[in-house]
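In what follows, a structure is listed as structure tokens, so that the remarks can point back to it.
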Amino acid sequence: MIIDKENIASHNQNNLDQHNLRFDFTANSLIQKGVDVDTIIKKVSDFQVAIPSWALGAGGTRFGRFSYYGEPGTLEQKIEDVGLIHALTQSAGAISLHIPWDVPEDAEKIKSLTKSLGLQFDAMNSNTFQDQPNQEHSYKYGSLCSTDDNARQQAIQHNIDVIKLGEQLGSKSLTVWLADGSSFPGQNNFQTVLKNTQDSLKQIYAELPEDWKLFIEYKPYEPYFYSTVIQDWGTSFMLANECGPKAYTLVDLGHHLPNTNIEQIVATLMLKGKLGGFHFNDSKYGDDDLTVGSIKPYSLFLIFNELVYGMENNPQNPYPAWMIDASHNLKDPMEDLMQSLEAINSAYAKALLVDQKALREAQRNHDVTLCQEILQEAYLTDVRPLLEKARVLNGGAINPLQTYRQMDVRNKLVDERGKHSMATGL
Ligand code: PSV
Ligand code: MN
Ligand code: MN
């Protein structure tokens, strides 16, 4: 392990005075306003976001893939990278695997490595959007929606196999994202492909262990450009309801058409107890998978405002599964993921600062101006010292990114793994 608690503690020494100064100022200002600062720090500490195995390698654009060196070439190395991020941030306590990219040679070994780094297994992700070498039936024209019974059956079986593997590892959920759709009008019969998808999901659901959840992702377009079978939250919600109580909708921030009111979708799903999971990223145009909070931080805050409200007021909704779903082709993925975690924790902490009582009162009085003021008051608070405190208390770095650079982690990984290692994945 390149980083241990002692290393981090010694780097923290350089930042401690600054941190204390900033923390005291922020905490005192908030306490004066009646905020329970300790509770906010505790909630931020408890908030753990999974890192997907495919986010540790350099993702491609449609036109090229540029390595950034020292990429994790094996599942063990991907897990170790998440371990590094978690050691520094104390907020990435889980990894999400994608099958068949991440099939372990020895599940027990992988399990104990993961545990030794303080990580858990988040949702398993199936892959029926690519044909694998030697695969018998092609997914070129769809998988769970396919009108080719053989391809459809093969895709169902793959999902069942992923559940079985997840059981060995100790995962508790399966996320299904389907590329299934069409690029040209007339290519698919909408009703047939939807019905096939529904039937397939029901067969997968029937194999789900009692304590597991099924997450159904939606996406309006891409890779196909005319229609996607599970195109929106309504379709996902309907399919989840058809499957049963262990099936939920999963919201991926990048899977919406521009200007969609995602916070309202969140509120609706939580009211109905069907928001199962969340994939964080940011985008300008579509499924851009950019660093969380890099384009629309205020939207992220508004989404968290609904998540916080939902977590406090909707016991019918289980605690959602959190994951970053990003792709990196310019920045070092580990740096990018740390920036994303900071943005997530920051939006969460700000949402926790919203004076819910005052907001309800202002809403009742139809004081629209005050409603906005209350949200802005929370959003404009600099919560970074609170996030630093949450990390320090758990043995993380006051400044994870700076510590990562000062420790020269990337170059150490290049020494260890070589320059041209390559991750399996997108
Ligand atoms: C494709 O859009 C995608 O980004 C989905 O969001 C999935 O969650 C991910 O790939 C992995 O399959
Ligand atoms: Mn996703
Ligand atoms: Mn996506």
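Laboratory data are not the source of any read-out in this text; all were calculated from the coordinates shown. None of the values given here were measured: they were computed from a predicted structure. With ideal geometry, Cβ positions are generated from the backbone for all residues, glycine too; neighbour counts draw on all protein chains shown.
Taking amide H atoms as placed 1.01 Å from N in the peptide plane, the amide H of Lys296 lies under 5 Å from those of Ser283, each 5 or more residues away in sequence or on another chain.
The residues Lys246, Lys164, when put in order of fewest to most other Cβ atoms within 10 Å, stand as Lys164, Lys246. In this structure, the pairs whose alpha-carbon distance is over 25 Å, taken from Lys115/Lys284; Lys78/Lys164; Lys195/Lys296; Lys111/Lys202; Lys33/Lys350; Lys43/Lys357, are Lys115/Lys284; Lys195/Lys296; Lys111/Lys202. Put in order of Cβ neighbour count within 10 Å, fewest first, the listed residues Ile303, Ile265, Ile51 become Ile265, Ile303, Ile51.
Of the beta bridges DSSP finds with both residues in region 139-288, what % are antiparallel, to the nearest 5? Rounded to the nearest five, the antiparallel share is 15 percent.
Here the gap between Gln356 and Gln32, fully extended at 0.36 nm per residue and compared with their Cα-Cα distance, gives a gain of 114.9 nm. Annotation: the antiparallel percentage among DSSP beta bridges lying fully within region 48-350 is about 10.
Just going by the charge dipole of the chain, with Lys and Arg at +1 and Asp and Glu at -1 on Cβ, which of Leu75, Ala179, Gln32 is farthest out on the positive end? Farthest towards the positive pole: Gln32.
Need one word for region 48-350: rounded, prolate or oblate. Basis is the Cα gyration tensor (sqrt eigenvalues a ≥ b ≥ c); a/c below 1.5 gives rounded, then a/b vs b/c decides. Note, shape of region 48-350 comes out rounded.
Give me Tyr139, Tyr285, Tyr68 ranked fewest to most by other Cβ atoms within 10 Å of their Cβ, as a rough exposure proxy. Fewest-to-most Cβ neighbours within 10 Å comes out as Tyr285, Tyr68, Tyr139. For region 1-91, GluC sites (Glu not before Pro) are listed when DSSP marks them as loop and at most 12 other Cβ atoms sit within 10 Å of their Cβ; the list is empty.
Other residues whose C-beta falls under 12 angstrom from the C-beta of Leu387 contribute a net charge of +3, scoring Lys and Arg +1 and Asp and Glu -1. Place +1 on the Cβ of every Lys and Arg and -1 on the Cβ of every Asp and Glu in the chain, take the dipole about the Cα centre, and give the residue among Leu380, Gln402, Gly310 whose Cα lies farthest towards its positive end. Projecting each Cα onto the dipole axis, the largest value belongs to Leu380. Within the chain, the whole DSSP H helices whose Cα atoms reach 27 Å or more along their own axis and whose mean Kyte-Doolittle score is at least -1.0 are 149-169, 333-353. The GluC sites (Glu not before Pro) of region 208-291 that DSSP puts in a loop, and whose beta carbon has at most 16 other beta carbons within 10 Å, are Glu210. Taking every DSSP beta bridge that has both ends in region 247-325, the antiparallel portion is near 10%.
When only Cα pairs below 8 angstrom with a gap of at least 6 residues are kept, the chain shows a relative contact order of 23 percent.
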